[in-house]
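Structure first, commentary second.
The values are calculated or read from the model by the stated rules, or taken from the named source; none is laboratory data. Just so it is clear, the structure is predicted and the values come from calculations on it, not from any experiment. Methodologically, a virtual Cβ is constructed for each residue, glycine included, from the backbone with ideal geometry; neighbour enumeration extends over all protein chains shown.
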Amino acid sequence: MRLICIGSPARAPAARPVTTSRPASRTRSPGFIIAVARAEGAGAVPATRVVRLGFPAWQSVLAGMGMSLAAMGVAAAGLLPAVWGALLQEAIDVAVILNALRALRPATAMTHLAAADAALTRRFRGEHEMIRAAIDQIRAAADALTSAPPAGAMTRVRHAYALLTSQIAPHQNAEDTQLYPVVSRLIGGDDPTAPMSRAHAEIAHQITRLGRLLDDIGDQDPDQADIADLRGLLYGLDAILRLHTAQEDETYLALGDQADEPSLSVG
């Protein structure tokens with residue numbers, strides 16, 4: 001397990017705008033966001049879990065700074081020997097760290113996961129099996145551009161493009177309009193599904209680029225530059241789709257696994 005990102009959601013880098021019909025989620029106090037990636041064995045796609053550190057983290061930062069500044073003032077007045085000042089600073093550090101760790105405790109607010117919400121998450125998890133089969137075809141098409149004759153390789157590429165436009169793009173549009181509003185309501189915060197929607201926008205952009213390139217090639221055999229561009233687009237789509245699907249399974253669709261439990265923590 002390794003830490004791959006830390007920061008404040010309010011300072012996330014700008015991305016291509018995404019337009020969806022999702023309702024605005026309820027507002028919470030800002031918190032730190034930590035994304036942790038876990039990979040099982042060589043070549044595995046890392047699963048990412050997002051943890052929101054809210055009030056306890058901010059409380060620890062402000063309290064630690066305040067107590068340290070107060071101790072520095074006392075020491076500057078000559079009322080605190082250097083040795084005792086060092087020991088006091090260590091005690092302050094330990095206290096604020098322990099206080100910040102309270103943010104990792106399970107939330108006390110509980111809510112029932114509605115049967116309709118659980119059914120929705122299960123539906124999209126089932127669709128992910130179809131999406132994974134399509135992703136395998138995209139990877140096979142990219143490999144064919146290296147190992148197969150041009151005519152056979154282009155047949156595979158056009159089939160992969162058809163899967164992207166007929167299966168993957170509609171699936172992602174349905175997630176934006178049906179699944180993500182439910183997830184936003186359950187998780188709360190300031191648009192918690194925004195990173196996934198941005199990934200959808202990037203995937204759609206790459207699909208559009210692939211379609212334009214195929215239109216430019218037409219019925220002719222691709223030249224070496226075309227093959228390089230096609231290979232790059234297909235391998236890129238393969239990578240982002242595999243990672244995106246794994247992230248959704250780990251962070252959003254796992255909610256459906258708890259439908260049989262009496263309650264679900266949503267803090």
Is it the case that the stretch 169-176 has a residue that's surrounded by 18 or more Cβ atoms within 10 Å (Cβ to Cβ), within 24 Å of residue 230 (Cα to Cα), modelled with pLDDT of 90 or more and hydrophobic (A, V, I, L, M, F, W, C)? no
Which one of 118, 141 is in a helix (DSSP H, G or I), aliphatic (A, V, I, L, M) and modelled with pLDDT of 90 or more? 141
The listed residue being free of Cβ contacts under 8 Å to residues at least 12 places away in the same chain and either crowded, with 16+ Cβ neighbours inside 10 Å or part of a helix (DSSP H, G or I) (or both), out of 211, 189, 152: 152
If you check 237, 241, which single one turns out to be within 21 Å of the chain's Cα centre (by Cα), farther than 17 Å from residue 153 by Cβ and either part of a helix (DSSP H, G or I) or hydroxyl-bearing (Ser, Thr, Tyr) (or both)? 241
Expected output for the stretch 234-263 (first residue of a type in the set (Val, Ile, Thr) and crowded, with 16+ Cβ neighbours inside 10 Å, partner modelled with pLDDT of 65 or more and assigned to a helix (DSSP H, G or I), Cβ below 8 Å, 6+ apart or cross-chain) is 245/128; 245/131; 245/132; 245/135
